[in-house]
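Okay, so here's the structure we're looking at.
The values are calculated or read from the model by the stated rules, or taken from the named source; none is laboratory data. Quick caveat: nothing in here was measured; it's all calculated off a predicted structure. In this analysis, Cβ positions are derived from the backbone assuming ideal geometry, glycine residues included, and neighbour counts consider all displayed protein chains. With ligands, DNA and RNA removed, areas are computed over all heavy atoms of the protein, side chains included. Shrake-Rupley method; radii C 1.70, N 1.55, O 1.52, S 1.80 Å.
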Amino acid sequence: VEPVVEVLAELPGGDQPLKVPVRRRDHAHVHHSRRVLAQPANLAVLASRAGMRTLIIDADLGLANVEVLYGIKPQYHLGHVLEWSMPIQEVIATGPEGVKVLPAGSGVQSLTRLDDAQKLKLVTALEQLEDSVDLVLVDTGAGIGDNVVFFIGATQEALLVVNPEPTSLTDAYAM
């Protein structure tokens, strides 16, 4: 399996900055560090433009940043899969360029700390998508909380995005 960074760099326009018209949100968190939220969202759009069936999981649970950035208003969120046993295919929303989005759900306190049964249920649900997606990007929250560590551990590789702020560098080093 080629690293995601290498695959994306080889795509047409992969060496050019991608511009997606989105609502501005200056800072958010991904992979334990401060960064501009547009980076994973833009990677998803770039991969989709190149023909990859792409899913972005908004794993900053309870805050719903990806859907806000894409300007979409999903009817359902991850909680519907975990708490109400809704099929994951029905929860996934569509973003720009056909990017599939698994929304986190904004203000849903129960999602901020998944228990072991919920984690197993999520992994099982995601396995159902194996044949329908080529690339899954997971946008996590900051820090080393249980949910973040779970999502990072469930991926084949992690891309840590940092900025030159001391808190960002410290978080990245701690990771």
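What ranking of I144, I152, I88 comes out by heavy-atom accessible area, probe 1.4 Å, highest first? Intermediate results must be reported in sequence, preceding the final value.
Values: I144 115, I152 30, I88 0 Å².
My answer, sorted largest first, is I144, I152, I88.
Which percent of the accessible heavy-atom area of the stretch 40-100 goes to carbon and sulfur, probe 1.4 angstrom? Walk me through the intermediate numbers first.
Working: 1200 of 2410 Å².
Accessible surface attributable to carbon and sulfur in the stretch 40-100 totals 50 percent.
Roughly speaking, what is the stretch gain from I144 to N163, that is 0.36 nm per residue apart minus the C-alpha to C-alpha distance, in nm to one decimal? Could you put the intermediate results ahead of the total?
On the way: separation 19, 0.36 × 19 = 6.84 nm, distance 1.76 nm.
Contour length minus the Cα-Cα distance gives 5.1 nm.
Each label point is 7 Å from the Cα along the Cα-to-Cβ direction; what then is the distance between the points at A117 and E83, in nm?
Between A117 and E83, the label points sit 1.4 nm apart.
Quick query: amide H of L114 versus all other amide H atoms, modeled in the peptide plane; which residues come in under 5 Å with a sequence gap of 5 or more or a different chain?
Correct list: N147.
GluC sites (Glu not before Pro) within the stretch 118-173: which are DSSP loop residues with at most 11 other Cβ atoms inside 10 Å?
Values: sites: E127, E130, E157; in loops: E130, E157.
When the GluC sites (Glu not before Pro) of the stretch 118-173 are filtered for loop state and at most 11 Cβ neighbours within 10 Å, E130, E157 remain.
Which ³J(HN,Hα) values, rounded to whole Hz and listed in residue order, are derived for the stretch 163-175 from phi using the Karplus coefficients 6.51, -1.76 and 1.60 in 6.51 cos²θ - 1.76 cosθ + 1.60 with θ = phi - 60°, glycine and proline given as x?
Each residue's phi maps through the Karplus curve to give 10, x, 7, x, 5, 5, 5, 5, 4, 5, 5, 5, 5 Hz.
For the stretch 65-78, just list the computed ³J(HN,Hα) in residue order, Karplus coefficients 6.51, -1.76 and 1.60, θ = phi - 60°, integers in Hz, with x standing in for Gly and Pro.
Here the 3J(HN,Hα) series is 6, 5, 5, 5, 4, 7, x, 10, 10, x, 6, 10, 9, 3 Hz.
Could you report the stretch 106-175's accessible area per residue, 1.4 Å probe, as an integer in Å²?
Details: 4290 Å² over 70 residues.
Averaged over the residues of the stretch 106-175, the accessible area is 61 Å².
Give a residue-ordered list of calculated ³J(HN,Hα) values for the stretch 132-141 (Karplus: 6.51 cos²θ - 1.76 cosθ + 1.60, θ = phi - 60°; whole Hz; x for Gly, Pro).
Result, ordered by residue: 10, 9, 9, 9, 10, 9, 10, 9, 8, x Hz.
Within the stretch 94-120, find all residues whose amide N lies under 16 Å from a label point positioned 7 Å from the Cα of A154 along Cα-to-beta-carbon.
What the label zone holds, given the 16 Å backbone N cut-off, is 101-105, 110-120.
Can you list the residues, at least 5 places off or on another chain, whose amide H is less than 5 Å from the amide H of L137, using H built in the peptide plane?
Here L55, I56, I57 satisfy the definition.
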